[in-house]
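S.K.: The structure is given below, and queries will be raised subsequently.
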Amino acid sequence: MNNQACIKHERFCQFRREIRGSKEHLIVGIDIAKDKHYAFFGTSTGKTLFKRLIFDNNLEGYKKLLARVDAIKVQHCLSKVVFGLEPTGNYHKPLGAYLDRCDFTVVIVSGVAVKRNRELLDGRWDKHDTKCAANIADLISQGKCLFYDSPSKEITDLRNLLSLRKRLKKEEHSLRMRIRNNLLAKYFPELDKFYGQCESENLAIVRWCLDPRIIADMEFDQFFKMVTRRERGIAQKKRLRAIWDSAPDSVGCIPGESSEFEAGILVEKLRQVRQVIEKTEDLIKNVGKQFPAYSLLLTIPGVGPYIASVILGAIGNPSRFKNRKQVLKLAGYDLSANRSGKTSKDAVPVISKKGNSVLRYALYQAALVARPLQNAPFCPITASGKNFNPRNTQCIPVVEIFVFLVLEQN
């Protein structure tokens, strides 16, 4: 599978080198939508061969597209064809996978490049489907396109699980904020300052004692047994007693039946989401163990199962990278500076913050954890004693170690 991916990448690199001024390439720019796609056919010299083809997002529509491609290739004596797509949600993936299975050259164009290049076509900001397809074809004719990655099943599974975990974590955070900023702020505001200390007990209070008057009518021992599962020590009792003492003087509103029902629903839903997150993280670990580099990444200080999985999922097939600088660009850790009219000492380089933001965040968090261990003999950071700053280069040594392990394992 890696050999096939390397062959496709080499073919893409060759295409980038020879596309400008080529007389044998047919360029098909496709504007992606949910139900129907718009295709533009042209050459790398700027000649329009067929302005607009509308085809459905199904097998019949794909066959219609390929039939038109074959007809234009024969009519204009063109031997090669390249399809260009602008990623639009997930709508482009079925077409891209179908063309990739048919062994066509497929590339993608950045949405930022499409936006900036649109006005260059005719000097106007007008936007419609036909013009967007022509815009994509124009960028491809200039070689301003990206490699269409078709990862292995294991990488696809890993990316899907990471995406699912990200959505679940957002849902978890949303539920926590609804409980804290909606229910507690209205009915028991005195509990908010204790909310971050032991959330399981706080959720039990929200679920069974949202009305502070219920707590005020209880003895402390009865309240303690209701909201706890086991005794943890003096600090726990001191905290719960402070909550119990504040209940009689609470300034919160009086909750009704609807509020108590909402509290029960939110607490149960939060617990269910957390259980699903745990199962998802276990699946991520199991999928990650299938990669040889996974165990190597776990040996680096600051790298846990989640961050190792993020690194592997973002990099995909390491063989498509020629050197470490390309992976640093993928993470957005390459250095950039505005040197126009300045001397080198006055232009301070900072990281570009382009590329994969999830990978960049994961690497930076790992670097923050590894930073206190810089004096350890096995730690990858030993040269700098400065504090971390996300705008400078302090975490790049750690990133280079990550890249080294991932690339060298091949």
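The values are calculated or read from the model by the stated rules, or taken from the named source; none is laboratory data. Just so you know, these numbers come straight off a predicted model, no measurement behind them. Positions of Cβ are generated from backbone atoms using ideal geometry, with glycine treated the same way; all protein chains shown enter the neighbour counts.
S.K.: Output the residues belonging to the range 13-67 that are surrounded by fewer than 16 Cβ atoms within 10 Å (Cβ to Cβ), of a type in the set (S, T, N, Q) and more than 13 Å from residue 133 (Cα to Cα).
M.R.: 14, 45, 58
S.K.: Follow-up. Among the candidates 181, 160, single out the residue that is free of Cβ contacts under 8 Å to residues at least 24 places away in the same chain, among the polar types (S, T, N, Q) and over 30 Å from residue 319 (Cα atoms).
M.R.: So the residue among 181, 160 that is free of Cβ contacts under 8 Å to residues at least 24 places away in the same chain, among the polar types (S, T, N, Q) and over 30 Å from residue 319 (Cα atoms) is 181.
S.K.: Continuing with this model, one more query. Go through 288, 316, 341 for me and flag whichever is among the small types (Gly, Ala, Ser), out of contact with any strand residue (DSSP E or B) (no Cβ under 9 Å at 6 or more places or on another chain), more than 29 Å from residue 13 (Cα to Cα) and touching a residue at least 24 places away in the same chain (Cβ under 8 Å).
M.R.: 288
S.K.: Could you run through the range 95-114 and say how many residues are assigned to a loop (DSSP other than H, G, I, E, B) and free of Cβ contacts under 8 Å to residues at least 24 places away in the same chain?
M.R.: 2
S.K.: Please count how many residues of the range 131-157 are of a type in the set (S, T, N, Q) and either at pLDDT below 90 or in contact with a His (Cβ under 7 Å, 6 or more places away or on another chain) (or both).
M.R.: The initial filter retains those residues of the range 131-157 that are of a type in the set (S, T, N, Q), namely 135, 141-142, 150, 152, 156.
Now restrict to residues that are either at pLDDT below 90 or in contact with a His (Cβ under 7 Å, 6 or more places away or on another chain) (or both): 150, 152.
Residues meeting the conditions: 2.
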